[in-house]
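All of the numbers you see were taken from the coordinates with simple rules; none came from a lab. For clarity, every value in this text was computed on a predicted model and none was experimentally measured. No Cβ is skipped: glycine too gets one built from the backbone with ideal geometry, and neighbour counts run over all protein chains shown.
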Amino acid sequence: MSFSLPERIEIMEVCPRDGFQSVKEFIPTEGKIAILDALAGTGISTMEITSFVSPKAIPQMADAADVTAHFNAKWRGKITSVALVPNLRGAESALAAGVDWMNFVISASVDHNMANTRRTVEESIEELKKVCALKGETKLRLSVATSFACPFAGDVPPEKVVRVVEESLDAGVDGVTLCDTIGTTDPKYLANTLTEMRARYGDYPFALHLHDTHGMALANMLTAMRMGFSSFDAAAGGLGGCPFAPGAAGNAATEDMANMAERMGIPTGIDIPKLLAVVRSMKSDFGLTTYSHLAVADKGCCNS
Ligand code: COA
Ligand code: ZN
């Protein structure tokens, strides 16, 4: 029996956005920049560096423009930058600051979309169309939050994902990520939705954004890899969570994803010992609560 896997995978480092947004105490901008610089030196090619959101909704991201300015001065052209935007206002700010990609978020589940962006799914799609019209040379990714499960409505059927994807592709997005925002989906449910997506969109290169709340992120990643998907979001030190999704825990840790892939002979470009050193310093120098399997094995960088 054959065991097919992609020849290479891409990991987008999302710690500076998804990770930091759930840290309650404000991380001073210099601290964010120090971590971002250290992560940029671990071999990753794409980083979600911040989000242009209401500082009332997420005070931690109030310094998005400063973080982006630093990134552009130091890393533009070397590492691809991504910034999350929840609305037109955020897109305007991201374009003014200068990012390579905007990451527009719409939930497949209306309940989560209302909690996260105070809009119906239709309203968000209308806003996305306006962002498409505005984006110029800047690339635009759609992240479909709650693609598999919603904290309020439970299992999300694939039709709800298809609806958002369909309209967004028509509107002209350049990439789509399917997100297990609350980290509770299992490999079988994930495979069922991915099978639907394959049936409708052929080999369209959907990326996966997996949280590890119920400990199934790596199993879900392997399932997606076996189905030919090769782009994943991950956060160093397993940080992450959505402030508008009760109970959601951290992202799949970059070091665990990279380790699993590299062990199977699949290159990621990530220098794992270097990354573990960054995770250690995120804990010791910045007091962040990191958690990953490799961090536990490493002893020095796990809080538990
Ligand atoms: N950037 C900066 N400020 C923003 C903003 C943005 N992208 N979107 C809204 N605001 C500000 C408005 O200026 C207004 O400020 P004011 O009260 O001082 O006048 C306030 O937020 C509310 O404005 P409103 O027009 O009611 O907001 P909205 O309905 O357009 O946007 C959200 C609401 C939900 C998009 C916004 O609260 C938000 O950014 N949420 C964060 C979502 C998120 O990041 N979730 C986690 C990641 S998936
Ligand atoms: Zn997330």
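With respect to the numbered conditions (1) farther than 21 Å from CYS242 by Cα; (2) touching a residue at least 40 places away in the same chain (Cβ under 8 Å); (3) not in a helix (DSSP H, G or I), which one is the sole condition not fulfilled by GLU137? Of everything listed in (1) farther than 21 Å from CYS242 by Cα; (2) touching a residue at least 40 places away in the same chain (Cβ under 8 Å); (3) not in a helix (DSSP H, G or I), GLU137 misses just condition (2).
Would it be correct to say that SER22 is over 11 Å from the mean Cα position of the chain (by Cα) and within 16 Å of ligand 1 (Cβ to nearest atom)? Criteria met by SER22.
Conditions tested, residue by residue: (1) more than 16 Å from ligand 2 (Cβ to nearest atom); (2) among the hydroxyl-bearing types (Ser, Thr, Tyr); (3) closer than 21 Å to SER292 by Cα.
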site	(1), (2), (3)
ASP18	no, no, yes
LYS56	yes, no, no
ALA73	yes, no, no
PRO86	no, no, no
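Of all residues in segment 108-126, those that are in contact with a Pro (Cβ under 9 Å, 6 or more places away or on another chain) and crowded, with 21+ Cβ neighbours inside 10 Å total 6.
Taking the options GLY136, GLY183, name whichever one is farther than 24 Å from MET227 by Cβ and away from ligand 1 (no atom under 13 Å from the Cβ). Steps first, please.
Working: GLY183 fails: farther than 24 Å from MET227 by Cβ.
Going through GLY136, GLY183 in turn, just one is farther than 24 Å from MET227 by Cβ and away from ligand 1 (no atom under 13 Å from the Cβ): GLY136.
A residue that is in contact with a strand residue (DSSP E or B) (Cβ under 6 Å, 6 or more places away or on another chain), under 17 Å from ALA224 (Cβ atoms) and within 16 Å of ligand 1 (Cβ to nearest atom) occurs somewhere in segment 251-273.
So, of the residues in segment 108-121 that are of a type outside the set (Lys, Arg) and assigned to a loop (DSSP other than H, G, I, E, B), which turns out to be nearest to the chain's Cα centre (by Cα)? Give the steps one after another, and end with the answer.
Taking segment 108-121 first, the residues of a type outside the set (Lys, Arg) are 108-117, 120-121.
Pick out the ones that are also assigned to a loop (DSSP other than H, G, I, E, B) and you get 108-109, 120.
Numbers: ALA108: 16, SER109: 18, THR120: 22 Å.
Top of the filtered list is ALA108.
Inclusion of ARG76 among residues that are in contact (Cβ under 8 Å) with a residue 12 or more places away in the chain and among the charged types (D, E, K, R) is warranted.
Restricting attention to segment 109-121, the residues that are out of contact with any Cys (no Cβ under 6 Å at 6 or more places or on another chain) and within 13 Å of ligand 1 (Cβ to nearest atom) total 8.
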